[in-house]
Each structure stands twice: as structure tokens, then as C-alpha cells.
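Working notes, beginning with the structure itself.
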Amino acid sequence: MERNFRALVSFILVMFVFAGCAKWGLNIFSDTDEVNLGMQLDQEIRKNPKDYPVYSGDPSVKNYIINNIFNQILNSPEIKKRNVYKYQLELIQDDNTLNAFATPGGFVYVYTGILKYLDSETALAGVLAHEIAHAERRHATQNLTSYYGISMLASLVLGENPSELAQIAANLLSSLTFLANSRTFEDEADDYSIKYLRSTRFYPGGVKFFFEKMRDDKLIDSQPSKVKTFLSTHPDPIDRINTAEARLRNLGIPIKDYKSNDPDIFRNSYQINIKSKLR
């Protein structure tokens with residue numbers, strides 16, 4: 001039974017990291033299920049330091065991000081499950097990965113690679129708000145329900161079909177099965193990132209700053225190892241920039257880019273409190 005459960009947790013974790021999105025449909029998971037899944041996955045992450053080395057550097061970095069960015073986003077009135085989900089943030093020590101991901105129940109993980117790459121608090125706020133949106137909108141468990149179907153998923157959860165579960169886990173470890181359905185939920189998470197940031201001190205369009213910087217650094221075309229996985233599992237970054245700017249215009253919000261030095265970008269504080277302290 002324990003082996004079967006660990007296989008289920010492993011398979012779900014792979015899905016959360018590499019994808020995130022399926023067509024809208026039923027979701028057999030309750031909010032309590034979401035939290036329990038997230039807690040189990042968090043335990044698995046911490047048991048696997050080879051693939052997910054938890055950050056052990058200057059603790060003030062994590063504390064600053066939580067207190068000054070993460071929690072401020074969670075105070076947005078658009079966040080509906082702040083008292084339902086177990087929102088928490090963890091940093092993963094991997095300077096070669098430009099990514100972040102969320103698991104059910106409000107567990108958000110950010111790689112040091114993307115922290116070192118970004119250059120403002122607003123850029124990071126855009127990323128974090130996007131990941132919070134994945135949790136709030138329950139994208140991962142919608143994806144699970146949609147992909148496997150209710151009857152098959154129920155048998156997997158109940159441990160009635162361990163051989164099938166093991167095969168699914170093996171397949172997910174070797175391929176990016178869920179990519180075909182990623183665009184809808186990624187786009188929705190971008191949209192909600194803007195909605196969340198509107199009530200914070202951050203410029204609402206921070207979600208596009210990461211893509212703008214990648215574009216200008218020629219990372220989108222060359223796809224080096226740092227971003228190859230990210231680009232292969234997410235919609236086109238240029239489309240996301242354009243869509244975000246269209247949404248900002250519709251809301252009457254001026255268009256700014258990642259190079260802006262306006263006060264609501266918080267470039268200097270990011271350098272002092274986060275970037276300069278990462279080793």
C-alpha cells in the first residue's frame with residue numbers, strides 16, 4: 001500500500017512540475033484533498049534532495065520573499081482560498097533552472113536560477129502570482145481528472161490498480177505527457193496574476209517581465225539548457241507578452257517593461273534583499 005501511494009505521489013509531482021493544464025471539466029478532488037496532496041508531495045520533495053535540493057543559504061532571502069512579496073499577493077481580495085489552502089513557499093537550490101511550480105493546496109516552489117535571473121521584485125511577484133493562480137484555480141487536479149477520467153482515477157487513488165499506476169508513473173518520468181493541454185491553464189494563470197497584483201504595491205504586469213528579459217537575452221530562440229525544459233512545457237513567451245499587454249490596456253493600465261525604473265517595479269530592493277544574497 002505504501003509503495004502504491006508513493007508511486008501515486010511521484011506521478012503527480014512529475015505532472016505538476018512539467019505541465020499544468022487540461023481542458024475545463026470535472027474535478028473529483030475536494031479542497032481538503034488538494035491540501036493533503038500538497039502536503040504529501042512536499043514530503044516527497046524534501047525526501048529527494050538530489051532532484052529538489054531545498055535552499056540552505058542566507059535565510060533572510062526566503063524570509064524577505066515571503067513577507068514582502070508572497071504574503072502581499074495572498075492579501076489580494078481576488079485570492080479566495082487563502083484560509084482554505086496551506087499556502088507556503090520554498091526555494092529550490094538549482095541555479096541552472098529558470099522555473100517555479102505549484103502543487104495543490106498552495107505549495108509554491110521557486111528555483112534559485114530564476115531568482116538570480118530576474119531583476120526586480122515586481123518580476124518575481126508576477127511569477128509568484130502566476131503560480132498561486134495555478135493553485136487557486138485547481139489546475140493540477142482538474143488536469144488529473146480530465147486526463148485519466150473519473151473511474152480510472154478513482155481506482156488509482158483507491159489502490160485497486162497498482163500495476164497501471166506504476167506504468168503511468170514510469171511513462172510520466174520519461175515523457176512530457178501533459179503538454180498538449182497546457183496553453184489554457186497557463187493563459188488563465190497569467191490573467192489571474194494581473195488580477196492579483198492590481199491590489200498590491202507591484203505593477204500589475206509583472207507576469208510578462210520574465211518573458212521580456214528572455215526575449216532580449218535571446219534565450220527564447222537559442223533554448224539553452226537553462227530554459228529548454230521551461231520553453232518546451234509552456235506556451236510561446238512572445239504570445240504571452242502580447243496577451244498580457246492587451247489585458248493591461250483593456251484595464252487602462254499603462255504598459256511598462258522589465259527595464260522600467262518606476263517606483264512600483266522595486267528594482268533596487270530586489271538587488272539588495274534578494275539577488276546580492278544568493279550564492
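The values are calculated or read from the model by the stated rules, or taken from the named source; none is laboratory data. For clarity, every value in this text was computed on a predicted model and none was experimentally measured. Every residue, glycine among them, receives a Cβ derived from its backbone with ideal geometry; neighbour counts consider all protein chains shown.
In the stretch 102-119, is there at least one residue being modelled with pLDDT under 85, out of contact with any Lys or Arg (no Cβ under 8 Å at 6 or more places or on another chain) and of a type outside the set (A, V, I, L, M)? Yes, that holds for at least one residue.
Among the residues of the stretch 53-68, those that are loosely packed, with under 15 Cβ neighbours inside 10 Å and not in a loop (DSSP other than H, G, I, E, B) comprise 54, 59, 60, 63, 67.
Name the residue that is modelled with the highest pLDDT, counting only residues in the stretch 31-62 that are touching a Pro at 6+ places or on another chain (Cβ under 6 Å) and more than 23 Å from residue 114 (Cβ to Cβ). Break it down stepwise before answering.
Keep residues of the stretch 31-62 that are touching a Pro at 6+ places or on another chain (Cβ under 6 Å), which gives 34, 37-38.
Restricting the remaining residues to those that are more than 23 Å from residue 114 (Cβ to Cβ) gives 34, 37.
On the way: 34: 81, 37: 75.
It comes out as 34.
All told, residue 71 falls short of being part of a helix (DSSP H, G or I) and in contact (Cβ under 8 Å) with a residue 60 or more places away in the chain.
The criterion of at least 2 residues that are buried (at least 22 other Cβ atoms within 10 Å of the Cβ), of a type outside the set (D, E, K, R) and in contact (Cβ under 8 Å) with a residue 40 or more places away in the chain is met by the following strands (runs of 3 or more DSSP E) wholly inside the stretch 84-148: 100-103, 107-111.
Scanning the stretch 134-155 for residues that are small (Gly, Ala, Ser) and modelled with pLDDT of 75 or more, we see that the one that is nearest to residue 85 (Cα to Cα) is 135.
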